[in-house]
Each structure stands twice: as structure tokens, then as C-alpha cells.
1. Please compute P(r) over all alpha-carbon pairs of region A:80-179, binned at 10 Å starting from zero, and give each bin as a whole-number percent.
2. Could you tell me the distance between the Cα centroids of region B:216-247 and region A:46-118, to the nearest Å?
3. Provide a whole-number value for the mean count of partner chain Cβ atoms within 10 Å of the Cβ atoms in peptide A:109-115.
4. Too long at a 29 Å Cα-Cα cut-off: which of B:K66/B:K129; A:K132/A:K199; B:K66/B:K164; B:K79/B:K261; B:K21/B:K245; A:K21/A:K222?
5. Hey, could you grab the Kirkwood Rh for chain B? Inverse mean 1/r over distinct alpha carbon pairs, Å, one decimal.
6. Gaussian network model of chain B, Cα springs within a sub-10 Å range: biggest mean-square fluctuation belongs to which of B:S74, B:S24, B:S249?
7. Given region A:1-143 reduced to its alpha-carbon atoms as identical point scatterers, what log10 I(q)/I(0) does the Debye formula return at q = 0.10, 0.19 Å⁻¹?
8. With 10 angstrom as the radius, rank A:D12, A:D64 by how many other C-beta atoms surround their C-beta, starting from the fewest.
Amino acid sequence: MIQFFNVNKVYDAEVRVEALKDVNLQIENGEFIFLVGPSGAGKSTLTKLIIREEIASSGQVLADGKSLARMKQRDIPFYRRRIGFVFQDFRLLMTRTVYENVAFAAEAVEMSAAEVRQRVPMVLDMMGIGDKRNAYPHQLSGGQQQRLGIARAMVNNPTMIIADEPTGNLDPETSGEIMRIFNAINRRGTTVIIATHDKDMVNQMRKRVIALKEGRVIRDEKNGGYHHEA
Amino acid sequence: MRLSSVGYVTRDGFRNIWRNKIMSIASISTVAISLFLLGCVWLFVANVNHMVVNVESELEINAYVKQDLPREASEALAKEIGTLEGVSSVEFIPKEEGILLLENRFGTEADLAGTVGENNPLPDMIQMKALDPDMVPALAEKVSALEGIETVRYGQGMVEKLLKTAAWVERAGLIGLICISVAAVFLISTSIRLTVFSRRDEITIMRLVGATNWYIRWPFLIEGLLVGFFGAFLAVAILFLGYNKLAESLMTTMSFIPVMKDNTMLLVLGRNILLYGAGLGIVGSFLSVFRYLRV
């Protein structure tokens with residue numbers, strides 16, 4: 001479970017940016033959540049706080065009741081193993097095969113070679129790209145590349161998947177496929193958080209929607225849609 | 001760290017070198033050149049020391065006794081010299097024997113002893129050997145100050161010159177080594193910085209999936225270690241081959257130079273160079289990893 005209590009995040013670079021203002025949230029295990037809002041509304045900042053890329057300027061972010069700000073540096077990698085991250089631009093390693101891209105993430109968390117050999121083909125099959133294991137990313141379609149991105153996020157068996165605009169670079173039909181995959185992942189009990197602009201998708205799925213605007217949560221409803229104000 | 005992880009990070013270390021070929025080759029060559037120079041200096045100094053120890057006459061001091069000193073007094077003087085610090089052996093050579101030695105040096109045809117007869121012009125001589133070539137000049141001075149000694153002769157500064165040259169080469173070599181080591185470390189760290197840059201996507205992914213900081217750092221440290229080691233290996237190979245060839249040709253063309261032909265010495269030198277090279281590599285990669293790798 002993730003909880004936000006009066007969270008503010010200020011980036012103090014050349015220009016002072018208030019990315020999040022007084023955010024209060026609770027995300028239960030196994031939920032499916034859309035984070036919606038225009039660019040710069042604070043969606044990315046919110047996900048960065050959850051994966052402990054950033055620390056709240058004030059307020060508290062708790063994961064299973066423990067403060068992320070006070071987490072020891074050496075415990076952060078182990079916390080992140082519980083979260084799978086999916087990028088808008090896929091971030092695949094172009095010089096490595098499909099199999100190697102996924103194995104890379106498994107090896108990084110020091111999975112044994114035997115486990116890697118077992119887990120990697122399994123998640124590739126789950127994403128429907130098992131037959132592409134020896135292909136390179138540039139030989140895949142956009143949808144297949146994103147499936148590979150999801151396979152990489154899933155290989156370490158995370159309890160939560162966070163995706164930042166996962167369908168931003170895909171056509172509507174392919175986006176639908178990707179959403180069905182997220183839905184399937186969620187049905188197995190994994191928490192799914194998706195930051196998106198994709199109005200149709202959000203309206204179609206009828207999941208919990210958290211709308212952000214200028215750093216504030218302006219709407220948080222179960223079975224919501226993509227309203228006009230967001 | 002798990003055994004399989006050791007395999008992963010080592011493989012990645014090798015992969016880093018391969019991906020960054022040009023910089024790796026530049027770093028390996030710099031390490032090789034610097035360590036080759038180090039080896040040359042070391043071999044030169046070792047050979048000079050070996051030469052000084054081996055040229056036995058360089059340890060020898062001849063003291064000539066005053067002509068008017070009675071024989072017993074001369075012999076007593078020889079005994080006294082034998083008790084001085086730094087003397088390994090002492091021999092009293094009376095003038096009758098001295099003339100025979102001189103005769104031998106001129107060849108068998110001359111009958112010097114017969115010719116000079118009772119009027120042998122040579123003085124009695126006390127011949128001693130020093131324990132250490134460094135002690136020769138001081139010892140000679142001490143002996144010449146003794147009552148009854150006319151003159152003292154020894155290697156006439158040859159020993160000092162050789163030792164001075166060796167010390168100078170050693171010092172110049174050390175300074176050169178420091179400069180070139182700094183350059184090698186700098187080049188290795190630049191090379192690794194480039195690898196860090198070219199692998200930034202992988203590093204981001206590793207961080208997000210929860211790789212530990214050390215898991216991310218290890219391949220870069222291994223890369224540095226390997227670059228240093230390969231450079232050192234190259235230097236050792238060239239030194240071994242080159243030295244053996246040089247030693248062989250010196251032995252045939254200039255056999256009066258006592259060249260060292262000692263395999264254990266070469267092995268010790270090789271081992272030290274390999275360790276030093278690996279050390280340079282690790283220092284270079286540490287500098288980059290802790291400066292440029294944000295984990």
C-alpha cells in the first residue's frame with residue numbers, strides 16, 4: 001500500500017517549480033489506477049516519488065507504512081525490486097536481443113542463471129513475443145516493443161507496475177492490446193498505475209482515475225473517466 | 001554477491017572494453033608503455049648493482065707500505081687492517097712475492113726477480129677486500145691514514161661512478177614513472193567515463209529494476225582492472241622477449257659486461273608489473289565510477 005500525506009514537491013533549480021501541492025492519496029494493493037492530467041500537471045513527479053527517485057519536499061510518502069524519505073540508501077534497490085517500470089519510449093537496449101533485454105533486468109537483481117533461464121521465456125510467452133526471442137528490438141513493431149518493455153518490468157515478479165504514458169507512441173488499436181495486457185496483469189493481483197493522456201482508453205476501462213492539475217489532485221474517483229477539466 | 005552475478009559483472013566488464021575499443025586500446029597502450037619503462041629502469045639498476053658486486057677487483061684495495069718500515073711492523077699493520085670494519089679479507093704480500101706477481105702479469109719470458117735481485121724496488125703490499133662496494137672509498141681513506149702506509153689504491157672512482165649512475169637512473173626513472181602513471185590513470189578514467197556515458201540507458205534501467213549500487217559499479221571497476229592488467233601483460237611480454245634477446249647478444253658481443261641471466265628475477269619483476277598495472281587500472285576506474293556514476 002502506498003500513502004501520500006500532505007505531500008509537496010518543489011524543484012529548486014534555476015526556476016522554482018512547485019510540481020506537487022498538498023497531495024493526499026491512498027493506493028491499495030491490487031488496484032488499477034489511471035493518473036491523468038495535462039503535461040506538467042505532476043504525474044511524473046508522483047511516480048518518481050513512489051519509486052523513490054525523488055523525495056517529498058514536505059509531507060510523507062509511505063510504502064507499506066514505512067517512510068520512503070527515511071529509507072536507507074542501501075535498502076532502496078531492494079524496495080525497487082517490488083516495482084516494475086514501463087517507459088513511454090520503451091528504453092530497450094537496441095544492441096541486445098529480445099531475450100537479452102529481459103534477462104538483463106533479471107540479472108541486475110542477481111537472479112541465478114537457472115532462474116533467468118526459466119523466468120525469461122515465461123514472461124516472453126506471457127506477453128506473446130516468445131517466438132521473437134532472438135530478434136532485435138528494431139525488428140519489432142511498436143506494440144511488440146512495448147510488450148517487451150512490459151516483459152522486462154514483469155520478469156522480477158513485482159507487486160506493482162508503474163507505466164509512464166505506455167501507449168503514448170502507439171496507435172489506438174495497439175494501445176488497446178497493451179491495456180488488455182495491463183488488465184490481465186492486474187487481475188493476477190499486481191497493482192497497476194498508469195500515467196496517461198489517452199482519453200478514450202481511460203473512458204473505456206472505467207477504473208479509478210486520479211486527475212492532477214498544476215500539482216494538485218483535482219479529482220479521485222472509482223470507475224472514473226477522463227473528464228474535460230483534466 | 002551470488003556466483004552467477006560474479007559471472008554477469010565480469011562478462012559486462014569484458015563487454016565494456018570491447019564496446020569502447022579505441023579508448024581501451026589507447027589506455028592499454030599507455031599502461032604498457034609506462035610499465036615497459038618501469039621495467040627497463042628496474043632491469044638497468046639491477047644490472048648495475050649486479051655488475052658492481054660481480055666485478056671483484058672493485059672490492060679490492062691495495063695499500064703500499066712505506067719502504068723503511070720493518071717487516072714485522074708491516075705484518076702487524078696487515079693484522080690491524082684485518083680488524084677494521086667492512087674488511088672481509090686481508091692478505092700481506094711481501095715485495096719478493098709482489099715481484100713474482102708482476103712477472104706473471106708481464107708473461108713468463110721476463111725474469112724480473114732475477115734481474116732486480118736484492119734491489120727490489122717494490123714496496124710490501126697489503127691487499128684487502130671490502131664487504132660491500134659502497135664501503136670501499138671510506139675504507140681506503142681510513143687505511144691511508146694509518147701510520148706506515150705510503151699510498152692506497154682502489155677502483156679509482158669506478159665504483160662510485162657506477163653507483164652514482166645507477167642512483168641517478170633510479171631517480172629519473174621514478175620521476176618518469178610517476179608522471180606516466182598519472183597519465184595512465186587519467187586515460188583509464190576517461191575511458192571508463194566514456195563507457196559510463198555510453199551505457200547510461202542500461203544504468204537507468206538497472207537502477208529502476210533495483211540493481212544494487214555495487215552491482216552497477218563492478219563492471220566498470222573490472223573494465224579498469226582488465227585494461228591495467230592487459231597493458232601490464234603487454235609490457236611484461238615485451239620486456240621478457242627484449243631482455244633475453246639483448247642479454248644473449250651482449251653475452252656474445254661484449255662478454256666482459258656481466259649481464260644478469262636470472263629467471264627468478266624476471267618472474268618477480270613480471271609479477272610486480274602485473275600487480276602495479278592492475279592497481280593503476282583500479283585507481284583509474286574508481287576515480288570515474290565515484291565521480292560520474294550516479295547510482
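Rule-based calculations on the coordinates, nothing more; no lab input. Being a predicted model, the structure only gives us computed values, none of them experimental. Note that we place each Cβ from the backbone using ideal geometry, even for glycine, and neighbour counts take in every protein chain shown.
1. Calculated over all Cα pairs of region A:80-179, the distribution is 17, 52, 28, 2 percent.
2. 38
3. Values: counts 7, 11, 4, 4, 6, 1, 1.
Mean partner shielding for this stretch: 5.
4. Values: B:K66/B:K129 20 Å; A:K132/A:K199 31 Å; B:K66/B:K164 33 Å; B:K79/B:K261 39 Å; B:K21/B:K245 32 Å; A:K21/A:K222 22 Å.
Over 29 Å Cα-Cα: A:K132/A:K199; B:K66/B:K164; B:K79/B:K261; B:K21/B:K245.
5. On the way: mean 1/r = 0.0416 Å⁻¹.
The Cα-based Kirkwood calculation yields 24.0 Å.
6. Residue with maximal mean-square fluctuation among B:S74, B:S24, B:S249: B:S249.
7. -0.47, -1.16
8. Working: A:D12 8, A:D64 11.
Going from sparsest to densest Cβ surroundings: A:D12, A:D64.
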